[in-house]
Amino acid sequence: MRAAIIADIHGNADALEAVLRDARQQGAERLIVNGDVVNRGPDSVQVLEALLAQPSVQFTLGNHDDLLRLWQARSDALPAEWFADPFWGATDWSARQLQDAGLLEVPAAWPMAITLEVPGLPLVQVAHGTAEHYRESLSEKTAPERVRALATQSGAGVLVGSHIHRPAQARVAGTLVLNTGAVGAPANGDPRAQYLLLSAEPGGWRPELRAVPYDRSGVLRRFETSGLLDTGLSAEIFRDEVITARSLYTPYWQWTEDRGLPRTPASWQTFLDTAAPEMM
C-alpha cells in the first residue's frame, strides 16, 4: 500500500494539480489530505472541489479549514476585534467564497486525526498538528517527552504532522516523526509543491518527502484577477510567501505583537526593511 499524504494546499490549485499528478505517477493508492485545504490563496473553492472529487480521499481538520467556518459565524472563539480589522480582509474574502459555493461547512465533519493500519507494520497516526490540537507542531524539534506521550496515547509507531510548512523526518524517542511539508505555500525556501509519499513494505514504512516543480505564474496572477489582492495587506503577505517560499505572516504577526504595533502597510514595510532580511 502506498499513500500520498498532502497538506497546506492553501487555495493553490496549480500546486495541488502538480502533486496529484505526481502521486498518481508514483502509484499512490490512497490520498490523505492533512488539513489546511483553504484560505491564503485565491483558489479555495476550486481546490476543495477537486479534492472532494478524488476517489477514496480522507481528510483531517486544519486550523485554516476551521478558521473560515468560525470567521463566517462570527464565533466568540475568535477575538471580537478581528472582525473589524482590515488586516483580516483575505480571510473574510475566502470565507465568503466558500459560503457562496456551499462548501463552508464541509470541514465540520473532518476529524482531528486518522490512522493508517497495515497488518505487521506500526500504526501510523496522521494529524494536521497533533491529535490533540491542529496548531501543535510536529518535527525533529518536538521534545522527546511530547513524542513519547503522543505515541503512547495513540499506540502509533509513526506520527505524521503538517502545519509548519516544511518537511521533516526524524526518529524521536523511538518513534518515526514525519512532516509532510506544504503543497501550496512552502516555508523552507523551496518553492516546489511538497508532500509525503508513505509506502508499506515488508521491512516497515518507507517515507519519501517529495517536491514537485510547477509554474507559479498562474496562481500569482489569480491573486490579482480574483480580487483577493484587493482585500489588503494579509493577501499581499500570502502572495509574497508563495513567491519567496518563506514564512512571513507568522513572524510579522509576532513582530508586531512584541512591539505593540498595528498590522498596517507602514509596519509591514518596516518589518521588511529591518527584520525580514535576517530570515532570508
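The values are calculated or read from the model by the stated rules, or taken from the named source; none is laboratory data. Note that the coordinates shown come from a computational prediction; the quantities given were computed from them, not determined experimentally. Cβ sites come from the backbone with ideal geometry, for glycine too, and all protein chains shown count toward neighbours.
Summary of values
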read-out	value
Condition check for LEU52: out of contact with any Phe, Trp or Tyr (no Cβ under 6 Å at 6 or more places or on another chain), touching a residue at least 40 places away in the same chain (Cβ under 8 Å) and loosely packed, with under 14 Cβ neighbours inside 10 Å	yes
Residues (over 17 Å from GLY181 (Cα atoms) and either small (Gly, Ala, Ser) or in a strand (DSSP E or B) (or both)) located in the range 9-61	GLY27, ALA28, ARG30, SER44, ALA50, ALA53, SER56, VAL57, GLN58
Options GLU224, GLU201; residue that is of a type in the set (Asp, Glu), more than 18 Å from the chain's Cα centre (by Cα) and within 30 Å of LEU123 (Cβ to Cβ)	GLU201
Matching residues in the range 211-230 - criterion: being surrounded by fewer than 20 Cβ atoms within 10 Å (Cβ to Cβ), out of contact with any Pro (no Cβ under 7 Å at 6 or more places or on another chain) and either in contact (Cβ under 8 Å) with a residue 24 or more places away in the chain or not basic (Lys, Arg) (or both)	ALA211, VAL212, PRO213, ASP215, SER217, GLY218, LEU220, GLU224, THR225, GLY227, LEU229, ASP230
Complete set of residues in the range 183-198 that are within 11 Å of the chain's Cα centre (by Cα) and surrounded by fewer than 24 Cβ atoms within 10 Å (Cβ to Cβ)	ALA187
Residue list for the range 258-280, filter: modelled with pLDDT under 95 and either among the hydroxyl-bearing types (Ser, Thr, Tyr) or not in a helix (DSSP H, G or I) (or both)	THR274, ALA275, MET280
Selected residue (criterion: surrounded by the fewest Cβ atoms within 10 Å (Cβ to Cβ)) from residues of the range 104-119 that are free of Cβ contacts under 8 Å to residues at least 40 places away in the same chain and more than 19 Å from the chain's Cα centre (by Cα)	PRO119
Which numbered condition THR60 fails, given (1) buried (at least 17 other Cβ atoms within 10 Å of the Cβ); (2) free of Cβ contacts under 8 Å to residues at least 24 places away in the same chain; (3) among the hydroxyl-bearing types (Ser, Thr, Tyr)	(2)
All positions within the range 96-126 that are in contact with a helix residue (DSSP H, G or I) (Cβ under 9 Å, 6 or more places away or on another chain), small (Gly, Ala, Ser) and not in a loop (DSSP other than H, G, I, E, B)	ALA108, ALA113
Any hit, the range 178-187, residues being over 19 Å from LEU16 (Cβ atoms) and not polar (S, T, N, Q)	yes
Unique residue being under 19 Å from MET112 (Cβ atoms), of a type in the set (A, V, I, L, M, F, W, C) and in contact with a Leu (Cβ under 7 Å, 6 or more places away or on another chain) when the list is VAL38, VAL47	VAL38
Qualifying residue in the range 87-99 (condition: farther than 29 Å from LEU197 by Cα and in contact with a Lys or Arg (Cβ under 6 Å, 6 or more places away or on another chain))	yes
Hits in the range 63-91 (condition: touching a helix residue (DSSP H, G or I) at 6+ places or on another chain (Cβ under 6 Å) and in a helix (DSSP H, G or I))	ASP65, LEU68, TRP71, GLN72, TRP82, PHE87, TRP88, GLY89, ALA90, THR91
Tally of residues being in contact (Cβ under 8 Å) with a residue 60 or more places away in the chain and on the phi < 0 side of the Ramachandran plot across the range 31-46	7
Elements of type strands (runs of 3 or more DSSP E) contained in the range 149-234, each with 1 or more residues being among the aromatic types (Phe, Trp, Tyr)	193-201, 204-212
